[in-house]
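In what follows, a single structure is set out as structure tokens and then discussed.
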Amino acid sequence: MKASELKNKSVADLQQELLSLSKEQFGLRMQVATQQLSNTSQLTKVRRNIARVKTVLTEKGVQQ
């Protein structure tokens, strides 16, 4: 997911994306805790995507 793609989305879409990414992060954290996650880089990717969404939401909030 790129920041340029996120900038084209509405605030409601971004909030929905943030919610789904948070749920995905929770699921990955549970898999890490139970040692079921084989590809631990997924956790980093999700964390960075959450940061991207939050950054774009902040930028859109300042503009309005």
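The values are calculated or read from the model by the stated rules, or taken from the named source; none is laboratory data. Every value quoted in this text rests on a predicted model; they were computed, and no experiment measured them. Cβ coordinates were reconstructed from backbone atoms using ideal geometry, including for glycine residues, and neighbour counts include every protein chain displayed.
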Exercise for review: Inspect region 14-22 for any residue being surrounded by fewer than 16 Cβ atoms within 10 Å (Cβ to Cβ) and outside any helix (DSSP H, G or I) and give the result as yes or no.
Suggested key: no
Review point. Is there a residue being at negative phi, in contact (Cβ under 8 Å) with a residue 24 or more places away in the chain and in a helix (DSSP H, G or I) anywhere in region 27-44?
Key: no
Study note, to complete from the structure: Here the qualifying pairs (Cβ atoms under 9 Å; residues six or more apart or on different chains; first in region 1-22 and small (Gly, Ala, Ser); second surrounded by 13 or more Cβ atoms within 10 Å (Cβ to Cβ) and at pLDDT below 90) come out as Ser10/Lys60
